[in-house]
Ligand SMILES: NC(=O)c1ccc[n+]([C@@H]2O[C@H](COP(=O)([O-])OP(=O)(O)OC[C@H]3O[C@@H](n4cnc5c(N)ncnc54)[C@H](OP(=O)(O)O)[C@@H]3O)[C@@H](O)[C@H]2O)c1
C-alpha cells in the first residue's frame, strides 16, 4: 500500500520589522517575485471571532499561518480553514502555483518550492513577513511515506524520507521560531505524524518512514519544553487513514479495515484537530490522534 505571549507591543513589532528590513532579512519583492503568486479568496473573507480576543496569543493584528504541502489533501483543507477563520495564509508546495487550487485573495500568498530545500524555507518566511508582517502559526504538513518490507528500503528511500519529513520540518521551523521570538508574541506549531508511530499494524510495513514520523513526535515534545516560556506551543496530529490523493490507488474497502470505527477519516476531521491545537492556548507537547480509535487498542 502506498501512502504516498502574550500580545507583543506594537512598538516592539515595528522596531523588529525595521531591523529586519535594515538587515535584509525581509526580502525585497523582486527576490521572491518569480516564485510567489499572491491571489484572492473573496469567499473566505476574514471573520473576527470573539474567542480570538480572549486568548493571550491573539494580537489585534490579523494572524498569519504558514501551511506546507498545501496544494491538495490535508494541506489544501487547512488553507481554506485558516482563511475562513480570518488568518492570512502562506501556502507552499512544489507545484502550488501550477496547480493553483484556491481562488485569488489579498490574504493568500503561494510559495512554490521543495520544502527540503533551505531556500524554500527562507522564501516562505520572507514572504510571510514582507506580505503580512508576522508569523503566528506553522503547520508542517508536507510529508511522504510509502510501504515495503524493512529489508527492501534503499538508501535513496531513506534519503527522500529524511529530506522531506525531517529536513523539510527543520529548515522552516528554525526560521519560524526565530521570527516568533523576535515578535515576542508566542505562536503555534503543529507537526503531522501518523498513528502508525504508536500503533503499527500487521501487514502495513512502514518501519523506515516511522523513523522520521516518530522523530517528529519526539521533537514536538522537546520543542514544546524548549520554548514554553516564550509562549510558542508545539503539538502534533497523528492521523490514521485520511481520504486524500495520497490514497488514490488504494482500495477503500481495505483502508476502512485499518481503523476500528470502520471508516476512512475525512480531511475535515484532521483539519479540525489542527485548528483546535492552533488555538488551544494551554495545550503544548500533545500528540492528538485522529484515527477512529486505532491508537487505543486492537480490533
Ligand atoms: N492521508 C493519510 O492517510 C495520512 C495518514 C497519516 C499521516 N498523513 C500525513 O499528512 C500529511 C499530508 O498528507 P496528505 O494525505 O494530505 O498528502 P497528499 O495528498 O499526498 O499531499 C501531499 C502534499 O505535500 C506536498 N509535497 C510533497 N512533497 C513536498 C515537498 N518536498 N515540498 C513541498 N511540498 C511537498 C504535495 O504537493 P506538491 O506535489 O505540489 O509538492 C501535496 O500538496 C503528510 O505529512 C502525511 O504523511 C497522511
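Values in this text are rule-based calculations from the coordinates and carry no lab data. What you are looking at is a predicted structure, and each value in this text was computed from that prediction instead of being measured. Quick reminder, even Gly has a Cβ in these numbers, built from the backbone with ideal geometry, and neighbours come from all protein chains shown.
Values as computed for the structure displayed
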| read-out | value |
| --- | --- |
| Protection proxy ranking, peptides 181-193, 64-76, average beta carbon neighbours within 10 Å, highest first | 64-76, 181-193 |
| Distance between modelled label sites at residue 296 and residue 211, nm, 7 Å Cα→Cβ extension | 3.4 nm |
| Pairwise label distance in nanometres, residue 149 with residue 268, each label 7 Å out on the Cα-Cβ vector | 4.3 nm |
| For segment 118-247: rounded, prolate or oblate by the Cα gyration tensor [a/c cutoff 1.5] | prolate |
| Cα principal axis extents for segment 61-296, largest first, Å | 48, 39, 36 |
| Theoretical gain in end-to-end length, residue 162 to residue 106 [0.36 nm per residue, Cα-Cα removed] | 16.7 nm |
